[in-house]
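Asks: Pasting in a structure now, in structure tokens, and then I'll have a few things to ask.
The values are calculated or read from the model by the stated rules, or taken from the named source; none is laboratory data. These figures come from a predicted structure and were not determined experimentally. Every residue, glycine among them, receives a Cβ derived from its backbone with ideal geometry; neighbour counts consider all protein chains shown. Protein only, heavy atoms only, side chains kept; ligands, DNA and RNA dropped before computing areas. Shrake-Rupley method; radii C 1.70, N 1.55, O 1.52, S 1.80 Å.
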Amino acid sequence: MIEVLGRIPFYKLMYSTGRPRLLPLNLTVSVTYRCNSRCRTCNVYTKNAEEFTVEEFDRTFASLGRAPYWYTMSGGEPFLRPDLPDICESAYRHGAPGIINIPTNGLLPDRIPGAVREIAGRCPKSQVIVNLSIDEIGEAHDAIRGVEGGFERALESYRGLRALRLPNLTVGVHTVISVYNVDRVPEVYEYVTRELKPDSFITEIAEERVELETLGAEITPDAASYAKAVDYLIERIKDEKYSGISRITQAFRIRYYELVKRYLRSSRQEIPCYAGIASAQIAPDGDVWFCCVKAEPIGNLRDAGYDFGTVWFGDKAREERRKVRSGECACPLANAGYTNMLMHVPTVAGVAAEVATGGAGRGRTGAQAADQAAEHERGS
């Protein structure tokens, strides 16, 4: 992590001047569009792609080297690929990332724990984070996710993951806050934290994304409903006692919730976006995107001989960076959002102040200070 912090000034320079030319710190790899869920908030399963083979991923990861600190192996449902451990091992062998994050719907309890054991064993110095999707409780979860019995299968996968007890494994629960469950977030939170006791509980707002084929789906909750839901989560975070890295993580989590609240009111970039600078995504067929919301290809890795830098520093990428930097797009995407906050001095300073004073977001050194600093930065 110290190495990551040391790279931040150089990413800020690249954002401002285009130099130095850096590869992304945070990389999402969509290994498949295939999915065994039929979620009301996602239609990615309707898409088709000539998926990358393990060999193609291997050549791509070799070209990236040690640049990505955080890999997210996403989908679709990533565990539908039986070769997922091979893909993760390839990323580890070439880059030794600090974090390998894998989201899952949990519908494959006979496969997921075994695959995770294999991934954690092959990538011993990476923290493997598996986030299980729980959007509601019981049949209400099944209704949102579109699979009868899905809730029970997810719980079975969760129990299998918890039983692994591996030193480099974190098992979390992830909830998508949409129009279908926004009023039930407190109940979901209480159930998850009381009954499941995961290592972490995270949420992300449902978005209309090109990648997910959800444009016009009207799945995003309104600003007032979302604020009510996450204000509850923020208060619960403040009520808990955290130490060490968990205190830092929770402080950033509060910042993310506040950031999304502001975005829903303004529909603009609330802090500078580093998608295309510090974060990126690879589609299952090798297209490279800055993010999955626009899913605008800047090139294809097959066409570039699997050299990520050839695509990343090409003419199309430079033009898209100009658009992002000028604020032509804005979104509350969590994956890019956390990277953006890491690059944002007022946010990092606010988190540092809270950690130093033992706070969890209360007072002038908390979210209000970050809000005011962000307003000042936008006006300057």
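Asks: Could you list all residues from the stretch 289-314 that are assigned to a helix (DSSP H, G or I) and open to solvent by 20 Å² or more (accessible area, probe 1.4 Å)? It would help to see each step written out before you state the result.
Replies: Applying the first criterion (assigned to a helix (DSSP H, G or I)) to the stretch 289-314 yields 308-312.
Within the stretch 289-314, THR310 is the sole residue that qualifies.
Asks: Regarding ALA206, is this residue under 21 Å from VAL173 (Cβ atoms), open to solvent by less than 20 Å² (accessible area, probe 1.4 Å) and modelled with pLDDT of 95 or more?
Replies: Working: under 21 Å from VAL173 (Cβ atoms): yes; open to solvent by less than 20 Å² (accessible area, probe 1.4 Å): yes; modelled with pLDDT of 95 or more: yes.
Criteria met by ALA206.
Asks: Next question, about the same structure. Check whether at least one residue in the stretch 71-94 is in contact with a Gly (Cβ under 7 Å, 6 or more places away or on another chain) and either under 28 Å from THR214 (Cβ atoms) or open to solvent by less than 10 Å² (accessible area, probe 1.4 Å) (or both), and report yes or no. Outline the logic, then answer.
Replies: Of the stretch 71-94, the ones in contact with a Gly (Cβ under 7 Å, 6 or more places away or on another chain) are 94.
Pick out the ones that are also either under 28 Å from THR214 (Cβ atoms) or open to solvent by less than 10 Å² (accessible area, probe 1.4 Å) (or both) and you get none.
For the stretch 71-94, residues in contact with a Gly (Cβ under 7 Å, 6 or more places away or on another chain) and either under 28 Å from THR214 (Cβ atoms) or open to solvent by less than 10 Å² (accessible area, probe 1.4 Å) (or both): absent.
Asks: Consider ILE137 against the criteria (1) farther than 27 Å from CYS88 by Cα; (2) in a helix (DSSP H, G or I): it satisfies all of them except one. Which criterion is unmet?
Replies: That leaves (2) as the condition not met.
Asks: Part of a loop (DSSP other than H, G, I, E, B) and buried (at least 23 other Cβ atoms within 10 Å of the Cβ), is that true of PRO124?
Replies: Details: part of a loop (DSSP other than H, G, I, E, B): yes; buried (at least 23 other Cβ atoms within 10 Å of the Cβ): no.
In short, no.
Asks: A further question follows. ILE219 - would you say it is assigned to a loop (DSSP other than H, G, I, E, B) and in contact (Cβ under 8 Å) with a residue 12 or more places away in the chain? Spell out how you get there, then give the answer.
Replies: Numbers: assigned to a loop (DSSP other than H, G, I, E, B): yes; in contact (Cβ under 8 Å) with a residue 12 or more places away in the chain: yes.
Considered against the rule, which asks whether it is assigned to a loop (DSSP other than H, G, I, E, B) and in contact (Cβ under 8 Å) with a residue 12 or more places away in the chain, ILE219 comes out as yes.
Asks: For the stretch 57-70, which residues satisfy the criterion of being open to solvent by less than 10 Å² (accessible area, probe 1.4 Å) and among the polar types (S, T, N, Q)?
Replies: THR60 - this is the single residue of the stretch 57-70 that is open to solvent by less than 10 Å² (accessible area, probe 1.4 Å) and among the polar types (S, T, N, Q).
Asks: A further question follows. If you take the residues in the stretch 159-179 that are touching a residue at least 12 places away in the same chain (Cβ under 8 Å) and part of a loop (DSSP other than H, G, I, E, B), which one is least open to solvent (accessible area, probe 1.4 Å)?
Replies: It comes out as SER178.
Asks: While we're on this one: Scan the helices (runs of 4 or more DSSP H) fully inside the stretch 315-380 and keep the ones with 1 or more residues being modelled with pLDDT under 85, open to solvent by 40 Å² or more (accessible area, probe 1.4 Å) and of a type in the set (Lys, Arg). Write out each step before concluding.
Replies: Working: elements: 315-325, 334-342, 345-357, 367-379.
It comes to 367-379.
Asks: Across the stretch 110-158, what is the total count of residues that are more than 25 Å from ALA206 (Cβ to Cβ) and either out of contact with any strand residue (DSSP E or B) (no Cβ under 8 Å at 6 or more places or on another chain) or free of Cβ contacts under 8 Å to residues at least 12 places away in the same chain (or both)?
Replies: Number of matching residues: 12.
Asks: Within the stretch 5-43, which residues are in a helix (DSSP H, G or I), under 23 Å from ASP307 (Cα atoms) and open to solvent by less than 40 Å² (accessible area, probe 1.4 Å)? Spell out how you get there, then give the answer.
Replies: We begin by selecting, within the stretch 5-43, every residue in a helix (DSSP H, G or I); these are 5-17.
Filter once more, so that each one left must be under 23 Å from ASP307 (Cα atoms): 7, 10-11, 14-15.
Matches in the stretch 5-43: TYR11, MET14, TYR15.
Asks: Within the stretch 16-51, how many residues are farther than 30 Å from ASN181 by Cα and either within 21 Å of the chain's Cα centre (by Cα) or acidic (Asp, Glu) (or both)? Break it down stepwise before answering.
Replies: From the stretch 16-51, those farther than 30 Å from ASN181 by Cα are 16-25, 49-51; that's our starting set.
Retained after the next criterion (residues that are either within 21 Å of the chain's Cα centre (by Cα) or acidic (Asp, Glu) (or both)): 22-25, 50-51.
Summing the residues that are farther than 30 Å from ASN181 by Cα and either within 21 Å of the chain's Cα centre (by Cα) or acidic (Asp, Glu) (or both) in the stretch 16-51 gives 6.
Asks: Would it be correct to say that PHE201 is free of Cβ contacts under 8 Å to residues at least 40 places away in the same chain and either open to solvent by less than 40 Å² (accessible area, probe 1.4 Å) or in contact with a Ser or Thr (Cβ under 8 Å, 6 or more places away or on another chain) (or both)?
Replies: Numbers: free of Cβ contacts under 8 Å to residues at least 40 places away in the same chain: yes; either open to solvent by less than 40 Å² (accessible area, probe 1.4 Å) or in contact with a Ser or Thr (Cβ under 8 Å, 6 or more places away or on another chain) (or both): yes.
Here the answer is yes, as PHE201 does meet what is asked.
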